[in-house]
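Engineer: Input: one structure, supplied below.
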2 protein chains.
Amino acid sequence: MAVRRTSKKRTGLPKGERRQQILAAAREVFSKRGYHQATIDDIVASAGVARGTFYLYFEDKRAVFADLVDRFAAKITMAIVSIETEDARSSVSDQVRANIRAILGACLAERPMTKILFTDAVGIDSDFDRKIATFYDTVVQLLTESLREGQRLGIVADGEPRVLAYLSIGALKELLYQAVTLGLAEESADVLTQQIFDFLAAGYLRTPVDRTRARTTPRKPKNDKPAARRPA
Amino acid sequence: MAVRRTSKKRTGLPKGERRQQILAAAREVFSKRGYHQATIDDIVASAGVARGTFYLYFEDKRAVFADLVDRFAAKITMAIVSIETEDARSSVSDQVRANIRAILGACLAERPMTKILFTDAVGIDSDFDRKIATFYDTVVQLLTESLREGQRLGIVADGEPRVLAYLSIGALKELLYQAVTLGLAEESADVLTQQIFDFLAAGYLRTPVDRTRARTTPRKPKNDKPAARRPA
DNA sequence: TCAAGAAGTGACGCTGACGTCAGTGTTGAG
DNA sequence: CTCAACACTGACGTCAGCGTCACTTCTTGA
């Protein structure tokens with residue numbers, strides 16, 4: 001009654017194996033050539049199946065792509081955990097760091113997908129763009145609400161929460177993209193996490209004479225020795 | 001001897017007018033349909049010229065696109081002014097703000113191009129990608145060097161300058177994109193500039209009990225009334 | 001008025017990628 | 001052994017979009 005055998009010719013894969021095989025090949029091709037350059041022929045060649053087989057499992061190129069993106073987007077989403085301000089076991093800082101770290105980890109674990117998501121996911125067609133925008137808006141919305149709540153609690157500085165959300169996500173996105181593109185070692189993830197956190201927590205500009213309203217340093221009389229490192 | 005007339009049929013445009021006309025039409029089409037959806041027919045239809053005329057002025061779709069992107073990239077580049085720390089007339093903060101403001105202004109003044117640059121410029125083909133990457137690297141390099149110099153002078157916090165550059169540019173890019181996409185009024189530019197500046201200067205996280213090395217607030221005992229607004 | 005040249009036109013043929021479907025090979029039940 | 005069911009194959013017809021080029025129209029100077 002055993003349905004599957006090892007392999008007779010090149011066929012005989014268990015249940016949904018073929019589909020996975022095609023997905024994997026597509027991911028490979030997309031990340032190598034980009035969505036628009038990629039052809040069905042590329043994908044089936046890479047998967048080692050015939051053209052017709054592809055259409056047994058997917059509507060068209062767009063559909064495979066959507067499948068890949070959906071899975072990945074889900075992983076990213078799952079990596080994010082809502083901040084719990086009442087949690088005694090973990091400070092807000094640690095929770096924020098954990099989120100950054102988790103997203104970084106998810107992306108570094110799937111570099112090809114990260115690259116695909118960042119470079120090709122937008123501009124496929126208006127339907128797909130809408131889908132991406134929806135996913136993106138969900139994330140932005142979530143962060144915006146968190147920030148608003150944070151402001152209520154006095155742990156997030158003033159400012160339009162949505163703008164702060166865009167700034168944060170933009171910063172993270174860019175670093176993510178560069179980390180993946182430049183082939184950063186997975187080990188640097190922790191260092192990067194800390195750098196991002198520091199950035200969100202304190203920015204980096206320490207201008208001496210500063211008429212800025214968002215003051216960072218205690219109250220700095222004028223300019224206390226522009227040394228290589230800011231005090232306090 | 002006067003070469004140009006008003007217009008005889010639909011022809012007779014002065015010197016390089018036709019080219020401009022096609023460029024404008026292309027910009028319109030690209031921003032509306034996206035690079036990949038756009039066809040030469042779309043462009044010539046929008047420009048009101050024949051298919052053949054297009055090829056009198058451009059090699060192919062890619063070439064028009066490159067032309068548009070080049071012009072725009074040049075404008076952005078010109079908007080950026082190197083920070084002069086010795087300048088007595090303008091503080092570093094003001095110069096930073098001015099740069100942010102200039103870039104914002106340039107992008108808001110050409111929304112379609114901004115949108116095109118952000119959504120379509122990557123993934124055309126590997127040649128074009130390389131070109132974009134080069135432009136981008138120039139900007140990153142410039143900022144990285146500035147930050148390194150800033151660290152030397154003690155007006156930029158510690159941290160890998162390149163990472164800080166990515167974070168800043170990412171944040172700016174994202175806000176830019178959203179501002180343009182969501183059709184933000186040009187008037188908000190100043191407010192946004194300030195928000196971005198504040199973000200770069202001080203981040204926004206003001207977590208109470210903080211084992212973080214990059215401390216922001218003076219030294220906050222524990223949590224002094226989680227009011228709606230953080231204390232000075 | 002005419003001819004030469006410049007500018008513009010659009011029908012045409014080509015091509016690369018697509019999606020289909022008649023056919024092949026394998027499997028397992030009868 | 002035979003047959004139906006199934007997964008898979010790849011040659012084939014279609015077509016959207018491309019780039020060309022023979023032709024038309026306009027301009028200008030003689």
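Yes/no per residue for (1) within 14 Å of chain B (Cβ to nearest Cβ); (2) over 26 Å from residue B:37 (Cβ atoms); (3) within 16 Å of DNA strand D (Cβ to nearest atom):
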position	(1), (2), (3)
A:23	no, no, yes
A:27	no, no, no
A:42	no, no, yes
A:51	no, no, yes
A:117	yes, no, no
A:122	yes, no, no
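Engineer: Then there's this: Considering A:158, A:125, which residue is surrounded by fewer than 18 Cβ atoms within 10 Å (Cβ to Cβ) and without any contact (Cβ under 8 Å) to a residue 60 or more places away in the chain?
Structural biologist: Of the residues listed, the single one that is surrounded by fewer than 18 Cβ atoms within 10 Å (Cβ to Cβ) and without any contact (Cβ under 8 Å) to a residue 60 or more places away in the chain is A:158.
Engineer: Sticking with this one: I'd like to verify a number: residues in the stretch A:54-88 that are exposed (fewer than 15 other Cβ atoms within 10 Å of the Cβ) and within 12 Å of DNA strand C (Cβ to nearest atom), how many?
Structural biologist: Selection size over the stretch A:54-88: 6.
Engineer: Also, I was wondering about something else. Looking at the stretch B:157-185, which of the residues that are more than 9 Å from every other protein chain (Cβ to nearest Cβ) and of a type in the set (A, V, I, L, M) is farthest from residue A:162 (Cα to Cα)?
Structural biologist: B:165
Engineer: Applying the selection to the stretch B:64-121, what residues are polar (S, T, N, Q) and assigned to a helix (DSSP H, G or I)?
Structural biologist: Across the stretch B:64-121, the qualifying residues are B:77, B:93, B:95, B:99, B:114, B:119.
Engineer: Separate question: Is one or more of the residues making up the stretch A:138-148 facing chain B (nearest Cβ under 8 Å) and either buried (at least 18 other Cβ atoms within 10 Å of the Cβ) or under 27 Å from residue B:164 (Cβ atoms) (or both)?
Structural biologist: Yes, the stretch A:138-148 has at least one match.
Engineer: Could you identify the single residue in B:133, B:165, B:179 that is of a type in the set (Gly, Ala, Ser), touching a Leu at 6+ places or on another chain (Cβ under 6 Å) and in a helix (DSSP H, G or I)?
Structural biologist: Testing whether each residue is of a type in the set (Gly, Ala, Ser), touching a Leu at 6+ places or on another chain (Cβ under 6 Å) and in a helix (DSSP H, G or I) leaves just B:165.
Engineer: What do you reckon, is residue A:128 more than 23 Å from residue A:145 (Cβ to Cβ), within 16 Å of DNA strand C (Cβ to nearest atom) and within 13 Å of another protein chain (Cβ to nearest Cβ)?
Structural biologist: So residue A:128 fits the description; yes.
Engineer: In the stretch A:29-40, what residues are in a helix (DSSP H, G or I) and more than 14 Å from DNA strand D (Cβ to nearest atom)?
Structural biologist: A:29, A:30, A:31, A:32, A:33
Engineer: Looking at B:101, B:33, which one is more than 14 Å from every other protein chain (Cβ to nearest Cβ), within 22 Å of the chain's Cα centre (by Cα) and either at pLDDT below 95 or away from DNA strand C (no atom under 16 Å from the Cβ) (or both)?
Structural biologist: Step by step, each of B:101, B:33 is checked, and only B:101 is more than 14 Å from every other protein chain (Cβ to nearest Cβ), within 22 Å of the chain's Cα centre (by Cα) and either at pLDDT below 95 or away from DNA strand C (no atom under 16 Å from the Cβ) (or both).
The values are calculated or read from the model by the stated rules, or taken from the named source; none is laboratory data. Please read these numbers as outputs of a predicted model, since none were measured by experiment. Backbone-built Cβ (ideal geometry, glycine too); neighbour counts: all protein chains shown.
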